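As structure tokens, the structure follows; a few thoughts come after it.
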Amino acid sequence: MRALVRPTSRKLADGELTHLERVPVDIDLAEQQWANYCDALRTWGFDTITVSGADDDLPDEVFVEDAVVMFDDLAVLTSPGAETRRPETDAVGDTLGSLGIEVAALELPGTLDGGDVLKVDRTVYVGQGGRTNGEGIRQLRALLTPRGWTVVGVPVTKVLHLKSAVTALPDGTVIGFPDEVDHPEVFGRFLPMPEKGAAVVVLSEDTVLLAASVPKSAALIESLGYRVISVDISEFEKLEGCVTCLSVRIRS
Ligand code: CIR
């Protein structure tokens, strides 16, 4: 298993903000937290593939999940909804191409951020909100339907991305903090979490990665029979990032 990661720009503090106030960021701490996050991925069996060099003109580039989404062996380069983030896909596409991975790309006027894409089995929930528009969803559906995926659009109004609000446990149960979830009834099984930002990265069938900022949710998930790995990502949370956005898992 492999995971795509991208080092942080030293200008992370200048990244896009939608729902939070801008606060100072400790960039050295951010770099350390990013290294620890990558270590956790490697500990759980992922080879990390680093997208070429940090580019200080792309403050949000560390949030690599927004630039590409994997569907089986196909990588779909997104069409980021924030203008400042559009150039991020170039280096991601180059890295994937050099690995021999098949790459498709969404195009303007369609916009879609990877943070809006939640896969549960063969269903692809796509948040339609500030960053992703209907044309972006339409293009993704056209690419994926012939490949056996069902694309389901979900309005998102309360948070930046669909996956800021909801992610899925390995058993397919969708979890999230109810105040941040627009339409919990859309998901087959929805389990409320006690804290904002209770997002998981699935590391294996019985292990998930959570942010250190959500200990009650970690305890709840542990009580359901999962092993929970916690990582501190405080500096990325200041920029509206969560654990999912720092990597793209390639399971082929
Ligand atoms: C942004 O607003 O685009 C970045 N500051 C944060 C992106 C976080 N991405 C994600 O949760 N998938």
Report yes if Leu160 is among the hydrophobic types (A, V, I, L, M, F, W, C) and away from the ligand (no atom under 11 Å from the Cβ), otherwise no. no
Among (1) closer than 24 Å to Val202 by Cα; (2) without any contact (Cβ under 8 Å) to a residue 60 or more places away in the chain; (3) within 16 Å of the ligand (Cβ to nearest atom); (4) not in a strand (DSSP E or B), Gly81 falls short only on (1)
Hey, can you tell me all the residues within the range 139-168 that are surrounded by fewer than 18 Cβ atoms within 10 Å (Cβ to Cβ) and either of a type in the set (Gly, Ala, Ser) or closer than 20 Å to Leu209 by Cα (or both)? Ala142, Gly148
Report every pair of residues separated by at least 6 positions or lying on different chains whose Cβ atoms are under 8 Å apart, first residue within the range 143-166 and in contact (Cβ under 8 Å) with a residue 40 or more places away in the chain and in a loop (DSSP other than H, G, I, E, B), second away from the ligand (no atom under 16 Å from the Cβ) and of a type outside the set (D, E, K, R). Trp149/Phe71; Trp149/Thr123
Residue that is modelled with the highest pLDDT [pool: residues in the range 89-121 that are among the charged types (D, E, K, R) and out of contact with any strand residue (DSSP E or B) (no Cβ under 8 Å at 6 or more places or on another chain)]: Asp113
Selection status of Ile175, under 19 Å from the mean Cα position of the chain (by Cα), of a type in the set (Val, Ile, Thr), within 16 Å of the ligand (Cβ to nearest atom) and not in a helix (DSSP H, G or I): yes
If you check every pair at least six apart or on different chains, which have Cβ atoms under 6 Å apart with a residue in the range 11-26 that is more than 15 Å from Glu61 (Cα to Cα) and free of Cβ contacts under 8 Å to residues at least 24 places away in the same chain first and a residue that is aliphatic (A, V, I, L, M) and more than 11 Å from the ligand (Cβ to nearest atom) second? none
Residues to consider are Ala67, Ala104; find the one that is touching a Leu at 6+ places or on another chain (Cβ under 9 Å), of a type in the set (A, V, I, L, M, F, W, C) and surrounded by fewer than 18 Cβ atoms within 10 Å (Cβ to Cβ). Ala104
Which ones in the range 107-138 are more than 16 Å from the ligand (Cβ to nearest atom) and either surrounded by fewer than 24 Cβ atoms within 10 Å (Cβ to Cβ) or not in a helix (DSSP H, G or I) (or both)? Glu107, Leu108, Pro109, Gly110, Val120, Asp121, Arg122, Thr123, Gly134, Glu135, Arg138
If you scan the range 204-229, which residues turn out to be surrounded by 24 or more Cβ atoms within 10 Å (Cβ to Cβ), touching a residue at least 24 places away in the same chain (Cβ under 8 Å), out of contact with any helix residue (DSSP H, G or I) (no Cβ under 8 Å at 6 or more places or on another chain) and not in a helix (DSSP H, G or I)? none
Which numbered condition Glu185 fails, given (1) crowded, with 22+ Cβ neighbours inside 10 Å; (2) more than 15 Å from the chain's Cα centre (by Cα); (3) not hydroxyl-bearing (Ser, Thr, Tyr): (1)
Scan the range 49-82 residue by residue and report those that are under 25 Å from Asp14 (Cβ atoms), of a type in the set (Val, Ile, Thr) and over 13 Å from the mean Cα position of the chain (by Cα). Thr50, Val51
So for the range 230-237 (the condition being over 14 Å from Gly172 (Cα atoms), in contact (Cβ under 8 Å) with a residue 12 or more places away in the chain and in contact with a Phe, Trp or Tyr (Cβ under 7 Å, 6 or more places away or on another chain)), does at least one residue qualify? yes
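The values are calculated or read from the model by the stated rules, or taken from the named source; none is laboratory data. This is a predicted model, so every value here is computed, not measured. Here the Cβ is made from the backbone with ideal geometry for all residues, glycine too, and neighbour counts use every protein chain on show.
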